[in-house]
Amino acid sequence: MADLRPARLSPADVLRVGGAGLRARPTRVVLSALGIAIGIAAMISVVGISTSSREDLDRRLAALGTNLLTVGPGQTLFGEQTHLPTESVGMIGRMDPVTSTTATGKVVDAKVYRNDHVPETQSGGIGVLAARTDLLDTVGATVAKGVFLNDATARYPAVVLGHKAAERLGVAAPNEPVHLGGEWFTVVGVLHPVPLAPELDTAALVGWSVAEEELGFDGYPTTVYARSRDDAVHGVQANLAATANPEHPDEVEVSRPSDALAAKQATDETLNALLLGLGAVALLVGGVGVANTMVISVLERRAEIGLRRSLGATQGQIRTQFLAESLLLSALGGAAGTVLGVLVTTAYATYQDWPSVVPAWATLGGMAATVVIGALAGLYPAIRASRLAPTEALAIP
């Protein structure tokens with residue numbers, strides 16, 4: 001008598017049998033796969049948007065430079081505000097690694113308004129700063145409209161507005177007058193946003209000499225900007241306080257503007273970690289939905305299971321069939337979620353004018369996660385289906 005052995009299912013047979021079970025219930029399959037898709041899309045889009053933002057920051061810092069340092073007055077031991085010596089700019093400029101220096105000074109008693117009919121209390125938060133003519137090159141700023149102050153205009157009532165200051169004053173183009181410090185000044189230029197010196201965005205910049213002669217400026221710099229060689233930034237930063245104010249270095253504040261941008265990026269990464277956690281929860285909920293679908297499928301297909309067992313299908317083949325269905329269902333959701341995540345990242349990055357970057361590990365990790373979720377979600381239903389005896393499965397309820 002010949003030895004009867006059950007036929008083996010090839011991988012193609014497993015896919016065909018598993019796919020047949022999904023095609024029989026398309027609506028339920030779509031709804032179950034949607035949970036997986038939402039979880040994977042959330043995780044990939046969070047990683048992609050975060051990576052795109054970081055890439056944009058890296059490009060901006062590469063263009064702006066990370067070697068800009070700022071020096072400002074601090075406070076005394078008794079909490080009183082101090083000021084930098086008038087010679088601080090020159091002393092810092094004589095440091096060997098420093099390549100350029102410039103400064104701005106706050107004009108305390110001057111306010112700027114669109115005209116002389118605006119109430120004094122409605123200044124719009126715009127400060128008036130005395131500026132040196134070499135400010136743009138050192139801080140990496142550019143003019144959007146008009147020109148910056150030069151040796152000629154710095155001695156006359158001319159003003160350059162930061163981009164936010166221009167918006168608040170309603171100045172659309174140069175050659176418009178504004179009322180500044182009780183005098184009429186002509187706008188000669190408007191700046192682009194200055195990432196490394198955001199205080200300039202809300203400022204009205206006037207010449208150093210006209211500020212002293214017409215606006216009561218005391219001549220003390222309130223912010224000194226210094227560019228150093230890239231290989232000497234930390235060394236210069238450590239010595240700036242003592243150089244700017246040798247008598248009271250403890251009353252000097254030194255900062256590196258690029259550090260503030262990096263700190264903002266770190267804050268964004270903390271938020272991204274939270275969003276990734278939410279994406280993982282959505283993925284878990286999707287896995288529960290897949291498991292629920294497979295359990296219900298087993299209950300509804302008892303007759304099919306019993307018939308296959310009666311025709312010679314082994315417990316292992318039944319387990320393989322339902323596990324394949326679960327994996328296919330999860331893979332369907334994972335593929336849709338990956339495509340959706342990439343599209344969301346690309347759309348958002350394009351809207352923000354960022355480079356669109358989706359790490360390969362994010363997409364591969366997302367697909368791997370769907371395989372794991374599918375295997376875990378389908379394991380119990382597959383085992384339950386395989387343990388149904390033919391007579392029990394074919395019994396008429």
Review point. Do you know the relative contact order of the stretch 51-111, to the nearest whole percent, from alpha carbon pairs under 8 angstrom that are 6+ apart?
Key: 15 percent
Exercise for review: Would you mind getting me the FRET efficiency between E247 and V30? Use the beta-carbon distance for r and R0 = 56 Å, nearest 0.05.
Suggested key: 0.15
Check your understanding: Over all Cα pairs of the stretch 67-215, how is the pair count split among 5 Å bins, expressed in % and running from 0 up to the last occupied bin?
Key -> 2, 9, 19, 22, 20, 14, 9, 4, 1, 0, 0
Practice item. Can you tell me how much longer the chain between D231 and Y156 gets when fully stretched, taken as 0.36 nm per residue apart minus their C-alpha distance, in nm with one decimal? Key: 23.0 nm
Check your understanding: Calculated FRET efficiency, Q122 and E199, Cβ-Cβ r, R0 35 Å, to nearest 0.05?
Key -> 0.95
Check your understanding: How would you rank 31-42, 228-239, highest first, on the average number of other Cβ atoms within 10 Å across their residues?
Key -> 31-42, 228-239
Exercise for review: Would you please put 154-163, 183-192 in order of how densely packed they are, using the mean number of other Cβ atoms within 10 angstrom per residue and starting with the highest?
Suggested key: 154-163, 183-192
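Taken together, the values in this text are just the output of simple stated rules run on the coordinates, not laboratory data. In this text the structure is predicted, and so the values were computed from the model without any measurement. When we count neighbours, we look across all protein chains shown, and the Cβ atoms used for this are built from the backbone with ideal geometry, even at glycine.
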